[in-house]
Every structure is written in C-alpha cells, then in structure tokens.
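The values are calculated or read from the model by the stated rules, or taken from the named source; none is laboratory data. Computed from a predicted structure; not experimentally measured. Positions of Cβ are generated from backbone atoms using ideal geometry, with glycine treated the same way; all protein chains shown enter the neighbour counts. The protein model used for the area step is the full one, side chains on, heavy atoms only, and it has no ligands, DNA or RNA in it. Shrake-Rupley method; radii C 1.70, N 1.55, O 1.52, S 1.80 Å.
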Amino acid sequence: DTIKAESLGYKPTVSAKGAIVSRGEQWMAVVAVNEGDISAVEIGQSVQLSGAALPDGIYRGSVISIADTAYTQQTAAAPEIVVDVTVEIEEGDFSMLRSGYSVTAQLKTGEERFVKMLPYSVIRQDEKGEYVYILQNGSSVRRDIVTGIELADKTEVVSGIFEGDMIICDPEAVSDGGKVRLK
C-alpha cells in the first residue's frame, strides 16, 4: 500500500492552564506556562481562553505580562517548572466570569501555515538521517527527508517529499531499488 503526504493547517500555539482574576473592572487570566514553552511567548500575543464554567464559548485576550521568575507547580503527572503569564480578557461574555474559575489558554505563537504530514510508521532513520521509501516506476526508492513539528501520530515533512509522491506504507517490506507489487 502507498499513501500521499497529508496537507494540514497548523496553528502554532502554547497551551497553559490557570485561573480568572479581576482587577477592578478588568478581567484577567493568570496561566502557568511550562518553562520549555515560555521562550515562544511574547507581550501582545493573541490568546483564546476556555473553561468548564464558560460553556458559552471562547474568550479572547492578549498577553500583557510575563513573570520574571519561575516556580515549581505540582501536576498530576509530575512537578514542572512554570512561569506565570497574565492575559487581559478583551472579548467574551464578562457577566459569566468569576474570580477563581479555571481556564485553559491557547497562546498564539505564530501564523497559521499548511504543512505536509506523514504518519510516524512510514519514516525510517539511520546514520545518514531520516528517510521514506517512495514508489517510482514499480520500484521502491529511498528519499531522504527533513522533518519538523511532531503531532500525536504524525510528523511534518519540511523537505524531501513532492506533490504526487506515493510513499510506501510498509518500509520494512522493501529495500532501496527493490521491485514493488501493489495489492
């Protein structure tokens, strides 16, 4: 069997959890961003907020401050180092907000772009790097690739795959230059 690379829209975001707070008439969310993601967060970035107590939709805001210090936060899995980020809530039904409500924030860290994605199962790696086998004139041909972002079950192919390439789904069953019969 063969597949083609799938083109998906990718919106680079950082996810963080926190709580709603009020400062006079202003509504804010203070969210804890993992130390591994904090370098992608900047003042002014767009943020979408949602939460269990906010069933009527998404709230929008922007980053107004990033704390100067990190701290250890206990999570269900393990402790993690986080940095507090304050988001000013600019859009949404303010009558539904209460201080202390939990929220999940999606901080937009880049522009949406379309990426070519392949399942992990078709990608191989050796001392020369990552590669796939493509079907070309009835034979399997090794094609070196460069990968990028990784999702739950797919990875981006930055280069090496072209429009119309047929990628062999079972790379274990073929070798470079070997004849291929499709079922």
Rule-of-thumb Rg ratio for region 26-103 [Cα; 2.2 N^0.38 Å; N residues]: 1.13
Over 20 Å (Cα to Cα) - which of Lys116/Lys154; Lys17/Lys154; Lys154/Lys179; Lys11/Lys116 fall in this group: Lys17/Lys154; Lys154/Lys179
Calculated from backbone phi, Karplus (6.51, -1.76, 1.60) coupling profile of region 70-76 in Hz, x at Gly/Pro: 9, 8, 8, 10, 7, 10, 4
Accessible area in square angstrom per residue, region 37-119, 1.4 angstrom probe: 57
Kirkwood-Stokes translational diffusion coefficient of the chain, alpha-carbon pairs, 4 °C, 1.567 mPa s, µm²/s: 67
Kirkwood-based shape ratio for region 111-183, expressed as Rg/Rh from alpha carbons: 0.98
Accessible carbon and sulfur surface of the chain relative to its total accessible area, %, 1.4 Å: 48
Simple spin-label estimate for Gln125 and Ser15 in nanometres, 7 Å along Cα-Cβ: 2.3
